[in-house]
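Right, one structure below, let's go through it.
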Amino acid sequence: MEKKLGKGSFNSITGLLLFFLAMSDCEVTGARRIAISQGGALVQGTAADDSMSGRSRSRVPGVEITFRRNGSKAQTIRYFMVNVADAYLAKSSPDFIPYLKSQGRFATMIKSASYLMHKEGIQAPVHFEQIRSLILMQSDFVVQDDSGVPLRLFARDTWKLQFYGRYEAPTPEFGKHLQKDLKVEMQRNSTGKLPFSYGYAYKQGESNLMTAERAR
């Protein structure tokens with residue numbers, strides 16, 4: 001994504017966000033560069049924050065867009081350019097997790113996450129334990145396909161789980177991440193086929209969703 005969207009004024013995530021807001025009949029009321037600075041503080045961004053020299057930064061660059069729909073209450077989108085693998089967070093973006101922790105409780109949505117949060121142990125080439133732990137600790141509601149946080153990590157005394165769609169196995173390139181427990185849950189408890197596509201299993205009627213609501 002970085003190679004495809006990293007150059008040009010509109011060939012970027014910012015351009016895509018503005019496009020989809022416009023297509024959703026939203027009025028964009030402001031846009032600015034932002035950054036996460038030392039200690040997780042949100043500050044005004046600069047062009048220098050985008051530099052990828054040496055693959056390390058002193059700050060996490062981002063963009064903030066404010067918008068409203070049909071004159072309703074103003075809303076804010078913040079997008080940050082950051083690699084959330086544990087090693088990259090430690091080397092390049094140590095203030096990102098502290099910033100997220102400072103934002104309070106979340107509703108988390110995960111889609112097409114390459115099963116990166118499934119990897120565990122010394123044999124896994126990349127670890128995503130920090131972001132996975134944050135999701136499980138700080139989210140009150142999670143929506144995801146099977147590529148997100150593994151079902152086995154959602155404790156049944158902590159989460160109310162619901163299942164939607166169809167799940168037999170991941171697409172072939174991710175076949176090793178088959179979740180047998182998720183397959184059983186989908187067969188027993190799914191509400192039926194989804195009327196839309198989501199994630200890697202994009203063919204009509206093949207997608208799956210799981211929602212997890214924290215028990216009160």
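The table that follows gives values for the structure above.
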| quantity | calculated |
| --- | --- |
| Residues of the range 136-160 that turn out to be surrounded by fewer than 16 Cβ atoms within 10 Å (Cβ to Cβ) and either at positive phi or in contact with an Asp or Glu (Cβ under 9 Å, 6 or more places away or on another chain) (or both), as a count | 4 |
| Where Leu21 falls short, out of the listed (1) at pLDDT 90 or above; (2) surrounded by fewer than 16 Cβ atoms within 10 Å (Cβ to Cβ); (3) over 16 Å from Val82 (Cα atoms) | (2) |
| Among residues of the range 137-170, those that are within 20 Å of the chain's Cα centre (by Cα) and within 16 Å of Leu194 (Cβ to Cβ), counted | 9 |
| Close pairs from the range 175-188: first among the acidic types (Asp, Glu) and assigned to a helix (DSSP H, G or I), partner surrounded by 17 or more Cβ atoms within 10 Å (Cβ to Cβ) and at pLDDT 95 or above, Cβ under 6 Å, at least 6 apart | Asp181/Leu151; Glu185/Phe163 |
| Residues located in the range 54-93, provided they are free of Cβ contacts under 8 Å to residues at least 40 places away in the same chain, touching a helix residue (DSSP H, G or I) at 6+ places or on another chain (Cβ under 7 Å) and among the hydrophobic types (A, V, I, L, M, F, W, C) | Val60, Val82 |
| Residue that is farthest from Ser114 (Cα to Cα) [pool: residues in the range 66-86 that are loosely packed, with under 11 Cβ neighbours inside 10 Å and not β-branched (Val, Ile, Thr)] | Gly71 |
| Members of the range 133-167 that are touching a residue at least 12 places away in the same chain (Cβ under 8 Å), outside any strand (DSSP E or B) and polar (S, T, N, Q) | Gln138, Ser147, Thr158 |
| Any hit, the range 166-182, residues being more than 24 Å from Arg132 (Cα to Cα) and among the hydroxyl-bearing types (Ser, Thr, Tyr) | no |
| Residue within the range 90-109 that is modelled with pLDDT of 95 or more, open to solvent by 20 Å² or more (accessible area, probe 1.4 Å), assigned to a loop (DSSP other than H, G, I, E, B) and touching a Pro at 6+ places or on another chain (Cβ under 8 Å) present | no |
| Per-region count, the range 184-208, residues surrounded by 12 or more Cβ atoms within 10 Å (Cβ to Cβ) and either over 24 Å from Asp140 (Cα atoms) or touching a Ser or Thr at 6+ places or on another chain (Cβ under 9 Å) (or both) | 14 |
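Here's the yes/no breakdown for (1) in contact (Cβ under 8 Å) with a residue 12 or more places away in the chain; (2) open to solvent by 60 Å² or more (accessible area, probe 1.4 Å); (3) of a type in the set (Ser, Thr, Tyr); (4) not in a strand (DSSP E or B):
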residue: Glu27; (1), (2), (3), (4): yes, yes, no, no
residue: Ala31; (1), (2), (3), (4): yes, yes, no, no
residue: Ile34; (1), (2), (3), (4): yes, no, no, no
residue: Asp49; (1), (2), (3), (4): yes, no, no, yes
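The values are calculated or read from the model by the stated rules, or taken from the named source; none is laboratory data. What you see is a predicted model; the values in this text were computed from it and never measured. All Cβ positions, even for glycine, are placed from backbone atoms using ideal geometry, and neighbour counts span all protein chains on display. When the accessible area is computed, the model is the full protein with side chains, heavy atoms only, and any ligands, DNA or RNA have been set aside. Shrake-Rupley method; radii C 1.70, N 1.55, O 1.52, S 1.80 Å.
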